[in-house]
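Presented below is the structure to which this report refers.
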Amino acid sequence: MHTIQNLDFSHAMQLAVLDQKLMLEEGGDNDKTLVQLDIRMKNWLSDGCEAVGVIDAGLVVAFCLYRLDPDACLVKKLYVMEDERRRGLATRLLDTVAERAQGLPIQLHVASGNVTAFAFYEQYGFTEWYRTLIK
């Protein structure tokens, strides 16, 4: 059974594994080890970010890492394991974050080649605000 719960430092390595999968799927350069990603996740969690996740049989199968700022809620990471997709988990996570944002606008970044994520976010109600180009 899937349950949504707050995540903390004890989940950091599981989040690092999922973050690594996300970066690989997006086609980004990732030269970080799991230990480095674990440390980065712990740094985010200690620096004002919060995480909510979907737990199944004790494992994190989906998560959303976000930060509530005074003028917006910034979603830093959202990932659902491949075999758990199309079950409404990302929607449940975003609904939870939106409730916690208490009316603040929600902002997020999507890799330009991640057309599936773009389609999901548009269906959820997000609109494109601006594009960042990198050389």
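Out of all the residues in segment 92-100, is one or more more than 19 Å from residue 21 (Cα to Cα) and at pLDDT below 95? No, segment 92-100 contains no residue that is more than 19 Å from residue 21 (Cα to Cα) and at pLDDT below 95.
Among the residues making up segment 110-135, those that are closer than 18 Å to residue 82 by Cβ, more than 13 Å from the chain's Cα centre (by Cα) and not in a loop (DSSP other than H, G, I, E, B) are 115, 116, 118, 119, 120.
For segment 115-135, give me the residue count where each residue is in contact with a helix residue (DSSP H, G or I) (Cβ under 8 Å, 6 or more places away or on another chain) and of a type in the set (Ser, Thr, Tyr). Write out each step before concluding.
Going through segment 115-135, the residues in contact with a helix residue (DSSP H, G or I) (Cβ under 8 Å, 6 or more places away or on another chain) turn out to be 120, 124.
With of a type in the set (Ser, Thr, Tyr) added as a condition, the list becomes 124.
Matching residues across segment 115-135 total 1.
Look at segment 25-47: where a residue is touching a residue at least 40 places away in the same chain (Cβ under 8 Å) and a partner is surrounded by 15 or more Cβ atoms within 10 Å (Cβ to Cβ) and in a helix (DSSP H, G or I), sitting 6+ places away or on another chain with Cβ atoms under 9 Å, you get 26/117; 28/22.
The values are calculated or read from the model by the stated rules, or taken from the named source; none is laboratory data. Because the structure is predicted, anything quoted here is derived from the model rather than measured. Backbone-built Cβ (ideal geometry, glycine too); neighbour counts: all protein chains shown.
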